[in-house]
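A quick write-up on the structure given underneath.
The values are calculated or read from the model by the stated rules, or taken from the named source; none is laboratory data. Since we're looking at a predicted model, the values are computed, not measured. FYI the Cβ positions are ideal-geometry reconstructions off the backbone, even for glycines, and counts take in every protein chain you see.
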Amino acid sequence: MNWPPEKGELLLEATVPGDQVPAGSKRGTAVRFKDSNGRWKVKTWRDKQGHEHAEVNVSDVNATKLKHRAADIERAVVEAVAGAGFMIPDADVPLAVEVVFYRSRKKNHYRSGRYERLLKPTAPALPIAPPDATKLWRGFEDALTGLLWHDDSRVVVQLVREEFVHRWEEQSSSLRLWSLPATVSDLDPDALEEAAPEEQPTLLA
């Protein structure tokens, strides 16, 4: 698919200020309880073979930060939605999303002294250090569900990029959302299937 989508309709643009927060790294914590004597114990369960296992709660390592970041995303998107008069598209309309994560450069990307605001020739052109773009998008996408679409299965095209901003500039994320053709006739009216041949009349004996 060409980008931006040739037959897509740009529905919304939004900028979310602030640092990006990756999602996807999980942490397991044993479930504990106090027994009748007030001692902490680990809650366990047994499988079909009778083996005992500790009950574990699994959560995202950045759960608290993701919650705060989701609030930032919602605030920025709601403001953009109000300004654009946006309404969530019908359930049969596929969507395409482009998001760019702008990450701050490190101090060692720059020269020193009077040239401290100039990049070294060896400074990286694009961010390749962790976290990866997939984890950044995962948390971002979760925050958009319910705001821009009811189910993220609607998003059939995702273009996720990372770029640098200077270390004295604010990190942010930019978002653009398109609707895509919903039917074959919307996609290419000239490429419709040939009409079925007329049925031959049935001859009576």
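Yes or no: Glu98 touching a strand residue (DSSP E or B) at 6+ places or on another chain (Cβ under 7 Å), charged (D, E, K, R), assigned to a strand (DSSP E or B) and farther than 16 Å from Glu13 by Cβ? No: the conditions fail for Glu98.
If we scan segment 16-34, do we find a residue that is over 27 Å from Ala70 (Cβ atoms), part of a strand (DSSP E or B) and either modelled with pLDDT of 80 or more or basic (Lys, Arg) (or both)? Yes, there is a match, as at least one residue in segment 16-34 is over 27 Å from Ala70 (Cβ atoms), part of a strand (DSSP E or B) and either modelled with pLDDT of 80 or more or basic (Lys, Arg) (or both). Within segment 90-122, the residues that satisfy the criterion of being of a type outside the set (A, V, I, L, M) and in contact with a helix residue (DSSP H, G or I) (Cβ under 8 Å, 6 or more places away or on another chain) are Pro94, Phe101, Lys120. In this structure, is Trp178 touching a Gly at 6+ places or on another chain (Cβ under 8 Å), buried (at least 18 other Cβ atoms within 10 Å of the Cβ) and modelled with pLDDT of 90 or more? In short, yes. Residues that are closer than 27 Å to Asp152 by Cβ and among the charged types (D, E, K, R) within segment 116-139 comprise Asp132, Lys135, Arg138, listed in sequence order. Here Asp72 meets each of (1) modelled with pLDDT under 90; (2) touching a Pro at 6+ places or on another chain (Cβ under 8 Å) with one exception, condition (1).
Going by what's in this entry, would Arg114 be described as basic (Lys, Arg) and surrounded by 11 or more Cβ atoms within 10 Å (Cβ to Cβ)? Show your work before the answer.
On the way: basic (Lys, Arg): yes; surrounded by 11 or more Cβ atoms within 10 Å (Cβ to Cβ): no.
Criteria not met by Arg114.
Taken as a whole, the condition of being among the charged types (D, E, K, R), touching a Leu at 6+ places or on another chain (Cβ under 7 Å) and surrounded by 12 or more Cβ atoms within 10 Å (Cβ to Cβ) applies to Glu74. Take the conditions over 26 Å from Leu177 (Cβ atoms) and at pLDDT below 95 and apply them to His53. Does it pass? So His53 passes the test. Within segment 77-94, the set of residues being in a helix (DSSP H, G or I) and either crowded, with 17+ Cβ neighbours inside 10 Å or not aliphatic (A, V, I, L, M) (or both) comprises Val77, Glu79, Ala80, Val81, Gly83.
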